Every structure is written in C-alpha cells, then in structure tokens.
Amino acid sequence: MHFSETKGSVDMTHTTAAQVVTVDVEYEAFIARLAKDKDTRTISNSSPSHALSILRNVFRSAQEYVKLFSGSLSTNVYNDETLIHEMKKFVNDRSGKVSVLVQSPDRLNQDAENEFLAQLLTLKSTERVEVKEVLEENILKDADVHFLVSDDRIYRIEVDIVKNTAVGSFNDNQRAVQLRDIFDKAIKDNARLYEPVPQPALA
C-alpha cells in the first residue's frame with residue numbers, strides 16, 4: 001500500500017523549546033493505525049516529519065525495549081515535546097528500556113539544545129536507560145545507515161541518512177531480530193558510556 005505524502009495532507013504545527021515541527025496529520029494517523037494493528041506491511045518514509053511520526057508511534061507501541069543507533073539524535077526530528085513525552089511514559093509508566101548508540105558524539109556535544117537527549121539522561125538513574133558512543137573499532141563506526149528496533153518486531157532503518165529515506169515495519173520479527181543482534185553486539189563491543197561535554201558559557 002502506498003500512502004501519498006501530499007494528496008489530502010494536513011499540516012499541524014507543533015512548537016518545542018528548540019524548533020517548530022510540522023507534522024502531516026494524515027500520515028501520522030496512518031502510522032498510528034499500523035502500529036495499533038501490528039501490521040506486517042513494509043512502510044517507507046522520506047522526510048524528518050515522517051520519521052518523527054514513526055518515532056512517536058514506536059514509543060507509544062513499545063512494551064519492552066527501544067534500541068536506537070543514530071548519528072547525533074538530530075534536533076530536526078528528536079526535539080519534539082510529544083516524542084519526549086512518549087519516551088518518558090515508556091520508561092516511567094511501562095518500565096521500558098531505552099538504549100542509544102551514537103555514531104557522532106562530537107556533533108551531539110556541539111548541540112546544546114538537544115532536549116530529547118537531556119531528558120533521556122535524566123532517566124539514567126532508573127537503570128532502564130543507557131547512552132553510549134561508538135569507538136573506532138566498533139562495527140558501526142563507519143556505517144552509512146541508522147536504525148531503531150523495538151520488542152523484536154518493530155524496526156526502522158534509514159537507508160539514506162541525508163534525505164531521511166527509510167523503510168520499516170511494526171511487525172517483522174525476522175528483520176527486527178537481525179537488527180537487534182547487530183545493535184547488541186555494537187553496544188557491547190568497542191563502545192563507551194556517553195558523557196556530555198560542558199559547553200563554554202557565552203560571553
């Protein structure tokens with residue numbers, strides 16, 4: 001099934017502390033239905049707003065874990081109040097576990113307004129959150145794709161990290177388990193805990 005990105009779309013402007021996020025309401029409703037039904041079809045998306053819709057619904061749907069391999073948790077996608085709210089509900093209300101592996105910590109350190117990361121790090125004391133960065137020998141250090149996986153059935157893999165072109169599914173055990181195993185190896189071997197680097201105060 002192909003969902004049109006433009007025909008009949010309705011934009012909803014959502015303001016966060018760092019930016020204004022425009023969300024396609026019809027696309028988000030479509031994704032929400034797939035998530036609720038645990039639909040097996042493969043879906044595609046090709047914009048930051050579509051990525052955000054999928055991320056929101058991943059955290060709404062997840063019951064056990066969400067594992068994220070990202071370049072630097074781009075604020076164009078992650079600095080969204082609704083997403084942050086859903087992530088915190090997942091950890092606090094459902095005792096879910098969030099693991100993040102960052103490929104480009106230098107870029108992350110330069111971004112003082114990454115509210116998603118800031119809120120995630122406040123939950124580390126629950127022992128259900130871990131954020132690590134890859135080292136030179138890590139199998140994902142030079143990877144040209146990013147991905148997430150959840151509950152051994154949900155996945156999203158970004159095949160073009162510049163254009164945000166991605167495919168995914170809310171119910172594909174085989175692909176999800178493959179990505180889970182890759183992630184688990186990468187976060188265990190040649191990765192270290194991420195520690196934010198304090199930024200110098202502005203004069």
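Could you run through region 78-107 and say how many residues are within 19 Å of residue 51 (Cα to Cα) and part of a helix (DSSP H, G or I)?
The number of residues fulfilling the criteria is 10.
Within the bounds of region 80-90, is there any residue that is over 25 Å from residue 178 (Cα atoms), crowded, with 19+ Cβ neighbours inside 10 Å, in contact (Cβ under 8 Å) with a residue 12 or more places away in the chain and not acidic (Asp, Glu)?
Yes, the conditions are met somewhere in region 80-90.
Suppose we filter region 44-72 for residues that are crowded, with 21+ Cβ neighbours inside 10 Å and free of Cβ contacts under 8 Å to residues at least 60 places away in the same chain; how many remain?
Of the residues in region 44-72, 5 are crowded, with 21+ Cβ neighbours inside 10 Å and free of Cβ contacts under 8 Å to residues at least 60 places away in the same chain.
Please go through region 139-161 and pick out each residue that is over 15 Å from residue 42 (Cα atoms) and either in a loop (DSSP other than H, G, I, E, B) or charged (D, E, K, R) (or both).
139, 140, 141, 142, 143, 144, 145, 151, 152, 160, 161
Identify, from the list 145, 98, the residue that is within 21 Å of residue 76 (Cα to Cα), at pLDDT 90 or above and surrounded by 16 or more Cβ atoms within 10 Å (Cβ to Cβ).
When all the criteria are applied, what remains is 98.
The values are calculated or read from the model by the stated rules, or taken from the named source; none is laboratory data. The structure presented is a predicted model; accordingly, all values stated were derived computationally and were not measured. All Cβ positions, glycine included, derive from the backbone under ideal geometry; neighbour counts span all protein chains shown.
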